[in-house]
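K.L.:
Dropping a structure here in structure tokens format, bear with me for questions.
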Amino acid sequence: MTIETNSAKPIELSVQDGALAALVLARALGVGTGAQVRQFIDQAPAFSPHAGDRLDFLDPLICEMATAADGLEAVLDIIAATVTATTLAPLYMLLADFIALHGTASPEEMRFLQRFGEAIGIDRLTRAALDSAAQARAASLT
């Protein structure tokens, strides 16, 4: 997927960029903080060691796009364009895990996950299973 910018060269986005954009979008909608996003990507094995550099680039771009008219849908479309059939579930799972880390997901967060899952093409039953798995991983046994 590419994003056209004012520069001479379009921006190429990878699947990892799509995952980073999803986390930034969640933060822009009120889930967690920038520091929590950075800590999450530093600890998640799905991200390369250079993911922080891409986050620095994508964060202001995604936040600006998300605040524009129809921006949420535009960002979801951009993320969906980075996903392949084999990366659908892992991408959704990363976002669900990030949201679950902050305790019980609010109705707004669950609606966002639903919209995100629909945008990238994950069916309702698969989303429910992945949501339950994320909540179980985040649960405390103490």
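Coordinate-derived values only; no laboratory data. Because the structure is a prediction, the values reported are computed rather than measured. All Cβ positions, even for glycine, are placed from backbone atoms using ideal geometry, and neighbour counts span all protein chains on display.
K.L.:
Would you mind telling me which numbered condition in (1) in contact (Cβ under 8 Å) with a residue 24 or more places away in the chain; (2) farther than 22 Å from residue 134 by Cβ; (3) crowded, with 17+ Cβ neighbours inside 10 Å residue 119 fails?
P.N.:
(2)
K.L.:
Of the residues that make up the range 43-57, is at least one surrounded by 17 or more Cβ atoms within 10 Å (Cβ to Cβ), closer than 16 Å to residue 23 by Cβ, touching a residue at least 12 places away in the same chain (Cβ under 8 Å) and hydroxyl-bearing (Ser, Thr, Tyr)?
P.N.:
no
K.L.:
I'm trying to understand the selection: among the residues of the range 64-122, which are under 20 Å from residue 14 (Cα atoms), of a type in the set (Gly, Ala, Ser) and not in a helix (DSSP H, G or I)?
P.N.:
Result: 85, 121.
K.L.:
I would also like to ask the following. Going by what's in this entry, would residue 27 be described as among the basic types (Lys, Arg) and surrounded by fewer than 15 Cβ atoms within 10 Å (Cβ to Cβ)? Show your work before the answer.
P.N.:
Details: among the basic types (Lys, Arg): yes; surrounded by fewer than 15 Cβ atoms within 10 Å (Cβ to Cβ): no.
The answer is no for residue 27.
K.L.:
While we're here: Could you pull out the residue among 133, 138 that is within 22 Å of residue 84 (Cβ to Cβ), over 14 Å from the mean Cα position of the chain (by Cα), surrounded by 14 or more Cβ atoms within 10 Å (Cβ to Cβ) and not polar (S, T, N, Q)?
P.N.:
133
K.L.:
Ok, one more. Output yes when any residue across the range 61-72 is of a type in the set (Asp, Glu) and either surrounded by 14 or more Cβ atoms within 10 Å (Cβ to Cβ) or under 11 Å from the mean Cα position of the chain (by Cα) (or both), and no when none is.
P.N.:
no
K.L.:
Only residues that are charged (D, E, K, R) and touching a Leu at 6+ places or on another chain (Cβ under 9 Å): list them for the range 37-76, please. Quick ask: steps written out before the conclusion?
P.N.:
In the first step, residues of the range 37-76 are kept if they are charged (D, E, K, R); the result is 38, 42, 53-54, 56, 59, 64, 70, 73.
Residues satisfying the conditions are 38, 54, 59.
K.L.:
Here's a follow-up. Give me the residue from the range 85-110 that is more than 14 Å from the chain's Cα centre (by Cα) and more than 23 Å from residue 42 (Cα to Cα) and, out of that set, surrounded by the most Cβ atoms within 10 Å (Cβ to Cβ).
P.N.:
106
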